[in-house]
Amino acid sequence: MFKIIKRGKKSSKGDAVEPPIPSSLPNAPVDHASRIATSVVASQHVTLANATPDPSVVEVLPLLKEVALSERHVLFIRKLQICCVQFDFSDMVKCARQKEIKRQTLTELIDLVQSGSCKMNEIMQEELVRMISTNLFRCLPPASHENTGSEGIEEEDDMYLDPSWPHLQLVYELLLRYVMSTEMDTKVAKRYLDHSFVLKLLDLFDSEDPREREYLKTILHRIYGKFMVHRPFIRNGINNVFYRFIFETERHNGIGELLEILGSVINGFALPMKEEHKLFLVRALIPLHKPKCVSAYHHQLSYCITQFVEKDYRLADIVIRGLLKYWPITNCGKEVLFLNELEEVLEGTQPAEFQRCLVPLFKQLGRSINSPHFQVAERALFLWNNEHIVDLIAQNRRAILPTIFEPLERNMYGHWNQAVHGLTSNVRRMFLEMDSELFEECEKEYNEKAAGASGLVEQRERAWKKLEEAASMVG
């Protein structure tokens, strides 16, 4: 049964929600009986604020704007208590009216906080955060791969959508409006949006519902921007999520969203860059290239990596060597992603850093150029279409051409794909125009090596033939 509560008289829409202010009479005589009565009333208010509502009772309460200012404090907290009631959304018909009452109450609270007319004291803020925590911080359902045993990323059509989202979305929106509110005092709010609250938010990033992860991304970013005291803790918390993902589970749904937050954070790093930020690059971001499912978040990861190089070009050598360390051997799709990222990093690389890593870099590019997978070979050869990279190569051609010449010649006479053959011919011609004398030296050395190799093949064949003849004579 629903109870309609009508309290006080109507007041104007723009009135602020204020807690009742006890009146004090400085010249009044001390009355011990009245003091006892006042303490009883105060204890009743505290009990009301902290009471847990009966889940079976959801009251229909009047709008906050319809009651007197003196009663709004209690009514506001009662509405928060109603919003703490949990419902089963597996059956949409069950408790439909109670669900609608809660939805309307949450909508009213959102409008109130968004309007800026809500001036909440500490008790009201504490109750608000408690209600938000009760609704959001829950056990997530088993992941789809745990039910199906699948390894791959889910298709968009098979994406999990939380059935309780009609209420969850409103709670997330209320939290977002509260964090964004200009009326919020961060010194007070940080007592309730504390480290424990932030850790629980980070746990929710593993939700399979992309709508929830999008809200979490926005809210955590706002908290990071508004609460400077929480910034180191949030970065460390994200680091720990990455470490567990890389070295233990290799399963997490929110890596992309966390990287999006970090992309904005990295962009705001001051120079010279702190040592802890460089360690984060080496220990967390670069190892994120290791997991098989890197394609699910590679775009965000590549952006973070390039942000570091743009901030401090001296990190280019570390980044390139890190990419080479985790370079895929048999995963062609992943190798194409690495080549895309490598081009973005090389665009921000200066000559001094390029010289430090060019030998291992072009040995790997030579293997990519010779890849039988035409997309890998094409993407590696496309690097020579980038003017900045070509300038770096031209400055260091005497070290690069002897390394890359043999893979180019193999493609010219051995690759099956015509497009790769044409691109190889263009790169070969480019080196010839850069330095014809060096090109002829490399060509001569290659021909001598090829002749020596053919001589070794013939010698090996003669040795095997003699062994066969000796074996036939013994037989």
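Assuming 0.36 nm per residue, please report the length gained on full extension of the stretch PHE137 to ASN447 beyond their Cα-Cα distance.
104.7 nm
Does the stretch 158-204 classify as rounded, prolate or oblate by the C-alpha gyration tensor (a ≥ b ≥ c root eigenvalues; a/c under 1.5 gives rounded; else a/b over b/c gives prolate, otherwise oblate)?
The shape class here is oblate.
Just to confirm, what accessible area per residue do you get for the stretch 195-240 at 1.4 Å probe, in whole Å²?
Counting only protein heavy atoms, the per-residue value for the stretch 195-240 is 41 Å².
Counting other C-beta atoms within 10 Å, and keeping those with at most 14, which DSSP coil GluC sites (Glu not before Pro) do you find in the stretch 210-250?
GLU250
Just the number, please: carbon plus sulfur as a percent of the accessible area of the stretch 60-124, 1.4 Å probe, no ligands or DNA/RNA counted.
Reported share for carbon and sulfur atoms: 54 percent.
Pop the C-beta distance of SER264 and GLU344 into the FRET formula with R0 = 25 Å and round what comes out to the nearest 0.05.
So the FRET efficiency works out to roughly 0.90.
Over the stretch 282-399, what is the relative contact order in percent, taking alpha-carbon pairs closer than 8 angstrom and at least six residues apart?
Over the stretch 282-399, the number comes to 24 percent.
I'd like the Karplus ³J(HN,Hα) series for the stretch 287-298: coefficients 6.51, -1.76, 1.60, θ = phi - 60°, whole numbers in Hz, and an x wherever there's a Gly or Pro.
x, 5, 6, 6, x, 5, 8, 4, 4, 5, 9, 5
How many angstrom separate the Cα center of the stretch 335-377 from the Cα center of the stretch 181-209?
Result: 42 Å between the Cα centres.
In cubic angstrom, how much convex hull volume per residue do the alpha carbon atoms of the stretch 338-475 span?
Numbers: hull volume 18.3 nm³, N = 138.
Per-residue hull volume (Cα only) is 133 Å³.
How far apart, in nm, are the 7 Å Cα→Cβ label points at GLU214 and PHE89?
1.5
So what is the relative contact order of the stretch 164-253, in percent, for Cα pairs below 8 Å that sit 6 or more residues apart?
Answer for the stretch 164-253 is 31 percent.
When the Karplus curve 6.51 cos²θ - 1.76 cosθ + 1.60 is applied with θ = phi - 60°, which whole-Hz ³J(HN,Hα) does each residue of the stretch 206-212 get, with x for Gly and Pro?
3J(HN,Hα) across the stretch 206-212, in whole Hz: 7, 4, 7, 7, x, 5, 5.
Which entries of LYS99/LYS226; LYS65/LYS226; LYS217/LYS292; LYS65/LYS99; LYS292/LYS363 show an alpha-carbon separation above 26 angstrom in the structure shown? Kindly include the intermediate steps, with their values, before the conclusion.
Details: LYS99/LYS226 33 Å; LYS65/LYS226 30 Å; LYS217/LYS292 24 Å; LYS65/LYS99 22 Å; LYS292/LYS363 23 Å.
In this structure, LYS99/LYS226; LYS65/LYS226 exceed 26 Å between Cα atoms.
Heavy-atom accessible area of THR218 with all protein chains present, probe 1.4 Å, nearest 10 Å²?
50
How big is the accessible area of ASP312 in square angstrom, nearest 10, if you roll a 1.4 angstrom probe over the protein chains?
Accessible surface of ASP312 is approximately 10 Å².
Count neighbours as other Cβ atoms within 10 Å of each site's Cβ, and list the chymotrypsin sites (Phe, Trp or Tyr not before Pro) in the stretch 356-450 that are DSSP loop with at most 13 such neighbours.
Answer in residue order: TRP416.
What accessible area, in Å² to the nearest ten, does a 1.4 Å probe give for TYR303?
Per-residue accessible area (TYR303): approximately 110 Å².
Express in nm, to one decimal, how much length is gained between ASN417 and LEU63 on full extension, taking 0.36 nm for each residue of separation and deducting their alpha carbon distance.
Value of the extension gain: 120.3 nm.
Starting at the first residue of the stretch 387-397, write each ³J(HN,Hα) from the Karplus equation 6.51 cos²θ - 1.76 cosθ + 1.60 with θ = phi - 60°, in whole Hz, x for Gly and Pro.
4, 5, 5, 5, 4, 4, 5, 4, 5, 10, 4
So if each residue of separation counts as 0.36 nm, and I subtract the Cα-Cα distance between ARG314 and GLU440, what length gain in nm does that give?
41.9 nm
The values are calculated or read from the model by the stated rules, or taken from the named source; none is laboratory data. Keep in mind it's a predicted model, so treat the numbers as computed, not measured. We place every Cβ from the backbone using ideal geometry, glycine too, and count neighbours over all the protein chains shown. Side chains included, ligands, DNA and RNA excluded: accessible areas come from the protein's heavy atoms. Shrake-Rupley method; radii C 1.70, N 1.55, O 1.52, S 1.80 Å.
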